Each structure stands twice: as structure tokens, then as C-alpha cells.
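Here is the structure we will look at.
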Amino acid sequence: MSIRTTAAVFHGADQGLRIEPVDVGPPVAGEVRLRLAACGACLSDVHKLRGHGLVAPPHVFGHEISGTITQVGDGVGSLAVGDRVVCTFLVPCGDCDRCRSGASDECGPFRTHLQREGVRFDGSHRMALPDGSPLRTSGVGGLAGELTMPATAVYQLPADWPSDVSLEDAAVLGCAGLTAYGAVHGAGGVSRGQRVLVIGSGGVGLCVTALAVDAGAVRVVATDLRDEALAAQRDFGAHATIRGDDPEAAARVREALGSPDGADVVIDTIGTPATVSQALQLAAVGGRVVVSGLGGTSGPATIDDITVFVRRKLRLIGSYAAVPSRDMPRLLEAVARGALDPSRLVSRRFAFEDVAAAYDALANGLITGRALVLGPSA
Ligand SMILES: NC(=O)c1ccc[n+]([C@@H]2O[C@H](COP(=O)([O-])OP(=O)(O)OC[C@H]3O[C@@H](n4cnc5c(N)ncnc54)[C@H](O)[C@@H]3O)[C@@H](O)[C@H]2O)c1
Ligand SMILES: [Zn+2]
Ligand SMILES: [Zn+2]
């Protein structure tokens with residue numbers, strides 16, 4: 001049976017978000033239904049609010065969520081009603097060649113169906129407007145009091161979960177945490193003794209630092225344009241922080257890394273032409289330049305000197321999310337042993353009705369770490 005709940009529905013860049021009643025059907029086979037605890041406000045959402053999203057409006061917004069399972073669909077053996085869970089923003093179909101070969105972060109049906117069309121893998125809609133018309137979801141479609149999700153994206157908090165990290169705060173692991181995990185351990189392959197440069201110190205950048213330190217990096221240097229963000233980086237374990245707009249930034253970064261050659265791994269969490277260029281300049285011979293930032297546009301970046309790029313054997317790698325079934329349990333385990341504290345990442349909490357204010361604050365550079373939008377009160 002469908003239930004009526006409240007959702008944040010995006011009506012296009014000119015109209016923004018509206019809090020509206022929506023109907024959510026029961027979970028189909030392979031899905032669960034959950035009650036939203038919280039949804040993190042990610043900069044990717046700001047890009048979408050400005051009209052750079054893929055799913056046509058109207059659609060239910062939000063992609064970084066945690067909640068409690070209220071119903072379990074057929075064929076889902078691993079989850080039960082009452083489980084406290086976090087959802088990965090990348091939702092593998094579980095059935096395509098990439099998913100079957102262990103590269104579910106490259107899942108095609110996720111990109112075509114959930115991320116572009118805003119529908120289930122079978123083409124049906126997960127939500128409807130009160131008049132019965134089908135309603136798309138932007139990927140997860142997380143900003144709803146209740147929602148259904150494929151179980152391939154749903155992870156129970158482990159038994160040894162720290163008691164001082166609330167289910168609400170765990171939401172930030174679904175995107176910021178997962179993205180950082182993929183950049184550090186997947187594309188970056190950060191290992192003991194390496195020197196790491198983190199460009200950008202927002203929700204993703206702070207998690208990158210904590211996970212790089214946990215991976216044994218000997219020096220982690222971080223940049224940002226805001227002093228509060230740099231202070232947060234030091235709190236997350238960065239050994240040094242540098243203003244990215246300092247004219248002497250490159251020299252200061254090299255000095256702080258303790259290596260005139262640059263960083264073994266540079267992780268650019270911003271992804272603009274300027275930061276990609278800076279990242280390439282600051283990578284050591286044989287270094288990896290990982291770009292996880294989406295920049296907000298789809299513009300070009302330049303390799304300033306191809307000869308230098310080749311002779312220095314640099315690797316430029318795009319990093320998108322992580323492999324959920326492999327990496328989410330490892331990320332949750334890292335949190336359980338204190339390597340990353342989601343609660344320290346969350347600096348502000350907004351009521352569900354104030355979702356637009358959360359994104360306004362983020363877009364205006366007023367959020368350090370992450371802002372959470374709490375699930376609507378029942
Ligand atoms: N690849 C993925 O899987 C993935 C997942 C989530 C988010 N993203 C993208 O990652 C980016 C970061 O997301 P977020 O939620 O951490 O953003 P955020 O708003 O929390 O943080 C961004 C930070 O970057 C800083 N900054 C801006 N320009 C800078 C520059 N030139 N040099 C240094 N710092 C700079 C800002 O001051 C801010 O502190 C966004 O583009 C987002 O769309 C990618
Ligand atoms: Zn995100
Ligand atoms: Zn797939």
C-alpha cells in the first residue's frame with residue numbers, strides 16, 4: 001500500500017525546492033522502505049539547484065541519507081525492519097556486467113535510469129504526486145519522510161557503532177564519506193609513508209584527510225580559500241594547511257609536504273580548470289592526480305605541458321563514489337574504530353522545512369564540513 005509523506009521536490013532552477021506531500025509505494029522486490037533520519041547537503045546538490053542536474057524536474061531531491069527500515073521487499077535477506085542504515089548515493093543495479101565483475105561503481109543502469117531518468121531500473125517510478133502522476137527521483141531521491149531504495153545501496157550500521165555518533169550524523173557517509181573513501185583507497189591508492197595533498201576542505205576534503213591519515217600518509221597538506229575550513233582540516237588530522245589563493249601557494253605546499261618534488265597523491269575535491277592545473281603541478285614523479293570534484297560545470301581543463309606530464313609519469317584519474325559492497329563496510333568499520341568521526345563533520349542541522357536555507361548557506365560558503373537536513377517529524 002502507498003503511504004503519504006512529505007518531500008522536497010525540485011521544480012527547476014527558477015523555482016527551486018518545495019516541500020510537498022508525495023505518495024510512496026511499497027518496496028518492490030530487491031528494495032526496502034525506510035524512514036529518513038537525515039539527508040546531508042552536498043555541493044553537488046547546489047550544482048543541480050543551479051540547473052546542472054541530469055534528471056528533469058519535477059523530482060525528489062537529495063542523495064546523502066540515513067534512516068530506519070520500515071518495510072522489506074521480496075528477496076532482501078540481509079536487512080530487517082528496524083535496522084539503522086546509511087545509503088550510498090551510488091546505487092548499483094547488481095545485475096549488469098560491471099556490477100557482476102565487482103566494478104559496481106561503473107554500473108551503467110545506475111547512470112541511465114536513476115541518475116539521468118530518475119526512475120527504477122525497470123523504468124517505474126518510486127514516488128507519485130497526490131493526483132497520481134508519477135514523480136521522478138534524482139538518484140536516491142532522499143529528501144522524503146519515507147522512501148524506497150534498492151537494497152544494493154543500503155548498509156546497516158555495525159554492532160560496534162560508536163554510541164556518540166547518531167544515526168542522523170551517519171548520513172554524511174553516504175556521499176562525502178564514500179566519495180572520500182573511493183578517492184583515497186580506490187583511485188588514490190594511498191599507502192603508508194606517502195605524501196598527500198588535498199585540494200579543497202569541504203565535506204569531501206575533510207573526509208579525505210581523515211582517511212589518508214588513517215591509511216598511513218606521512219604528510220597530509222590541505223588547501224582551501226576559507227580559514228574556517230583550514231582550521232577544520234587541522235582538526236581532521238592535516239599536518240599543514242595552505243590558502244589556495246596565496247600567490248606563493250605552490251612553494252608553500254611543497255615546503256609543507258617536505259618534498260620539493262610534490263605529492264605522491266594529489267586529491268582535487270574541487271575539480272575546476274584552476275585546481276586541476278594546480279594538482280598536476282604539485283604531483284611528484286610517478287604521482288597520482290585524483291579528481292573527485294565536479295566543478296559545477298562540464299568545462300575543459302588543460303594539461304599545461306604534455307612533455308612534463310609524460311616525463312613525470314603522472315596519472316590523472318577521475319574518481320566517482322566507490323564500490324559500495326566492498327568499500328561501504330570498510331568505511332563503516334573505519335568509523336567504528338574512530339578513524340573518521342561523522343559527528344565532527346556535521347556543523348549545522350536544519351529542520352526539514354528549512355531545506356532551502358541549508359542549501360543557501362552551503363552555496364554562500366557558510367557551512368564548514370556538512371549541514372544536515374533532518375527528516376520531517378512524523
Ligand atoms: N566524485 C564524486 O563522487 C563526488 C561526490 C560528492 C561530491 N562531489 C563534488 O565534490 C565537490 C566538493 O563537494 P563538497 O560537498 O565537499 O563541497 P563543500 O562545499 O563542502 O566544500 C567545498 C570547499 O572547497 C573550497 N574551495 C573552493 N574553491 C577552492 C579552490 N580553488 N581551492 C581550494 N579550495 C576551494 C570551498 O571554500 C569549500 O570549503 C563538489 O564539486 C561536488 O559536486 C563529487
Ligand atoms: Zn554528494
Ligand atoms: Zn549495474
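Here are a few things to note about the model shown:
- Model label points for ARG243 and LEU366, set 7 angstrom from Cα along the Cα-to-Cβ axis, are 2.3 nm apart.
- The alpha carbon gyration tensor of the stretch 16-148 gives principal lengths a ≥ b ≥ c with a/c below 1.5, which makes the shape rounded.
- Rg ratio for the chain: its Cα radius of gyration over 2.2 N^0.38 Å, N being its residue count, equals 0.96.
- For the chain, modelled as a GNM whose springs connect Cα atoms under 10 angstrom apart, the maximal fluctuation among PRO260, PRO247, PRO162 occurs at PRO247.
- ALA336/ARG100 FRET efficiency (R0 41 Å; Cβ-Cβ; nearest 0.05): 0.90
- Projected label distance in nm at GLU228 and ARG326, using a 7 Å step from Cα toward the beta-carbon: 3.8
- With θ taken as phi - 60° and the Karplus curve 6.51 cos²θ - 1.76 cosθ + 1.60 applied, the whole-hertz 3J(HN,Hα) list for the stretch 105-111 is 6, 9, 3, x, x, 4, 5 Hz, x standing for glycine and proline.
- Relative to its Kirkwood radius, the Cα radius of gyration of the stretch 163-299 gives an Rg/Rh of 0.95.
- Stretching ALA29 away from ASP131 to a fully extended chain increases their span by 34.2 nm, per 0.36 nm per residue minus the current alpha-carbon distance.
- The radius of gyration of the Cα set in the stretch 302-378, together with its Dmax, comes out at 19.2, 61 angstrom.
- Taking all pairs of distinct alpha-carbon atoms in the stretch 102-242, Kirkwood radius in angstrom: 17.5
- Using θ = phi - 60° and Karplus 6.51 cos²θ - 1.76 cosθ + 1.60, couplings along the stretch 125-136 (whole Hz; Gly, Pro as x): 9, 7, 9, 9, 6, x, 7, x, 6, x, 10, 6
- Cut-off under 5 Å, modelled amide H: who pairs with ARG349 long-range: LEU372
- Percentage, to the nearest whole number, of Cα pairs in the stretch 236-297 over 19 Å apart: 27
- In this structure, the amide hydrogen of THR70, modeled 1.01 Å from its nitrogen in the peptide plane, lies closer than 5 angstrom to those of ARG33, LEU34, ARG35, GLY82, counting only residues at least 5 positions away or on a different chain.
- FRET efficiency, VAL285 to ASP122 (Cβ-Cβ, R0 35 Å, nearest 0.05): 0.10
- Contact order normalised by residue count of the chain, Cα under 8 Å, 6+ apart, percent: 19
- Förster radius 41 Å - calculated FRET efficiency between ASP160 and SER298, Cβ distance, rounded to 0.05: 0.45
- Bins of 5 Å from zero: percent of alpha-carbon pairs in the stretch 1-84: 3, 13, 20, 21, 18, 14, 9, 3, 0
- Taken along the Cα-to-beta-carbon direction at a fixed 7 Å, the label points for ARG344 and ALA357 span 2.8 nm.
- Relative contact order %, the stretch 273-320, counting alpha carbon pairs below 8 Å whose residues are six or more apart: 53
- Stokes-Einstein diffusion coefficient of the stretch 236-378, Kirkwood radius over Cα pairs, 10 °C, 1.306 mPa s, in µm²/s: 89
- Net +/- balance of residues flanking ALA238 in space, Cβ distance below 15 Å, scoring K and R +1, D and E -1: 0
- Derived scalar couplings ³J(HN,Hα) [the stretch 360-369; Karplus, 6.51 cos²θ - 1.76 cosθ + 1.60; whole Hz; x for Gly, Pro]: 4, 4, 5, 5, 9, x, 9, 10, 9, x
Quick note: the coordinates plus some simple rules give every number you see, no bench work behind them. The structure displayed is predicted, hence computed values, not measured ones. Counting neighbours? That spans all protein chains shown, and the Cβs are built from the backbone with ideal geometry, glycine included.
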